[in-house]
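The values are calculated or read from the model by the stated rules, or taken from the named source; none is laboratory data. Owing to the predicted nature of the structure, the values given are computational and were not obtained by experimental measurement. Methodologically, a virtual Cβ is constructed for each residue, glycine included, from the backbone with ideal geometry; neighbour enumeration extends over all protein chains shown. Side chains included, ligands, DNA and RNA excluded: accessible areas come from the protein's heavy atoms. Shrake-Rupley method; radii C 1.70, N 1.55, O 1.52, S 1.80 Å.
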Amino acid sequence: MTLFLVVAALMAALAASAVAVPLLRHRRSRAVGAAAAVLIVAAAAVLYPLWSNWHWRDSAQTPAAGPDVAAMVTKLETHLRENPNDLEGWLMLGRSYVALERMDDAILAYDHAHRLDAGNAEAALGLGEAMSLRAGGNITPEAAKLFEQALAIEPSSPKALLYAGFAAAARGDVAAARSRWLALKEMHPPAQIEQMLDARIAELGAPAAGNSPAGNSPAGDSRAGDSRAGDSPQPAASDADVSVNIRIAPAIKARLTREAPLFVFAREPGGKGPPLAAKRLTSAAIGTQIHLSPADSMLPGRVLTKGSRVSITARVSFSGQPLPAAGDLYGELTYDVGQDGTRDLLIDRVAD
């Protein structure tokens, strides 16, 4: 058991500093009901430390995994070969693999835990999370079912409320998504998480007449809710905003033969971790002005700040995935936050 406690604390620290999956947004409210999948990038790195007993703020600077961590995981693997019915051990191994970006292994570990106890919410959440992260941040149909199952088991689970909210938004059930995210806000998460929820709720649009979220519980049942559900405003502008006019070079415009996802994100120059802010739009946004703000971040402590220099990228992804691929159209510029004002960002390159 001591080994499990040590690994659990270590994995929580790893999760707090993970730079596993690029942090990109799902589509705007006008496409909530479309077939495009909702991105849940880096939620694994946010929620485990956020609502666990580990002091994630103190661990935010913990270094990435090294040989000692790998040795700990190896010991846990050995323990489970000898004790294959240890549910908690499989759950811990799944968390470890997610923090180490070993998604295939995480799926196997969480699937084993789920088969041991199909009524365990953490097993269902972990399996759905790992499936979605392996899919590039897209909620797969199998993952959506697991998130709904977890929420039914534990209606007050913060992680289940967040992920089941994304799943509901992906299938166009804005009432359920709003209700779940409002319930999560009632748990008073850190300010940056609350800002993210406000932005996601605002993107859902106003509740339909006669369909107030007050009559929808997070799990979809009819029970009393929050009458303020539809009133969440977009976060106010701040000195840490980024503003760019998206343009495309005439020389490559002919390559844009159909509407495709458009990712706009800010990251530290040369950085390879999650973006500081990101939005997922469509190529229809080319020719318009796009704003990024601290509300467009989902990782606590990784936000746009006044006075910082960042790299802004706009990328048309024909694969629909957040990861770069050959044939993508993109453009970049360096931006001084709080000083530059609105800049023109020209998409003028084709990825090899």
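Here are the numbers:
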quantity	calculated
Highest average packing first - 158-166, 281-289, Cβ atoms within 10 Å	158-166, 281-289
Solvent exposure of segment 147-189 as accessible area per residue, Å², 1.4 Å probe	31 Å²
Solvent-accessible area per residue for segment 247-352 (1.4 angstrom probe, square angstrom)	45 Å²
For segment 121-151 versus segment 285-352, the gap between their alpha-carbon centres in whole angstrom	28 Å
Rounded percent of accessible protein surface that carbon and sulfur make up, segment 290-345, 1.4 Å probe	47 percent
Extended-chain gain in nm, criterion 0.36 nm per residue less alpha-carbon gap, Glu142 and Leu256	37.8 nm
Too-long pairs where the Cα-Cα distance tops 25 Å, listed order kept, from Lys185/Lys279; Lys159/Lys279; Lys159/Lys306	Lys159/Lys306
Segment 105-210 shape via C-alpha gyration tensor axes, a/c threshold 1.5	prolate
